[in-house]
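Notes follow once the structure below has been shown.
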Amino acid sequence: MSEWVSVLAGAGGAVAASAVTGWFTRGSAMRQADAQVESTHAAIKAEARLCSLESRRHIYAELLAAVESALLTERTGRGQTEDPALLHKTLGALILEGPAD
């Protein structure tokens, strides 16, 4: 009988140790998954911000080109007839893009 008690105590200890190890491993895995999700969210947010800045830069470049063309047309009388329309179009795009954050 004493051998059975020893075997059962050893088996119970192994099961308990395994459960405790599993519990700590689960907690560690959950923290690691949370960190990965946070890292992924930060990367996606940074990429979206970069895309927004690139779009804004492109619109400002178009506006500057349209203003330069309109000024050149006004000063020299030479230019294209769509210059005022282009200026209004790019100004509208700038308004839609919104102010810098």
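We did not get these values from a lab; they are worked out from the coordinates using the rules stated. All values derive from a computational prediction rather than experimental measurement. Neighbour counts run over all protein chains shown; Cβ positions are idealised from the backbone, glycine included.
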Assigned charges on the beta-carbon of Lys, Arg, Asp, Glu; segment 2-97 dipole about Cα centre (debye)
120
Phi to ³J(HN,Hα) by Karplus 6.51 cos²θ - 1.76 cosθ + 1.60 over segment 65-76, Hz, x for Gly, Pro:
5, 5, 5, 4, 5, 5, 5, 5, 5, 5, 6, 9
Through the Karplus equation 6.51 cos²θ - 1.76 cosθ + 1.60, θ set to phi - 60°, convert the phi angles of segment 26-32 into ³J(HN,Hα) values in whole Hz; use x for Gly and Pro.
4, x, 5, 5, 5, 5, 5
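Which whole-number percent gives the relative contact order of the chain, counting Cα pairs below 8 Å spaced six or more residues apart?
On the way: 27 pairs, mean separation 21.0, N = 101.
About 21 percent, as a whole number.
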Size-normalised alpha-carbon gyration radius of the chain, reference 2.2 N^0.38 Å
2.64
Just name one of Gln32, Thr76, Ala61: the one whose Cα is farthest towards the positive end of the charge dipole of segment 2-97 (beta-carbon charges, Lys/Arg +1, Asp/Glu -1).
Gln32
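Please give me the summed charge of the neighbours of Ala61: other residues whose Cβ is under 13 Å from its Cβ, Lys and Arg +1, Asp and Glu -1.
Result for the neighbourhood of Ala61: -2.
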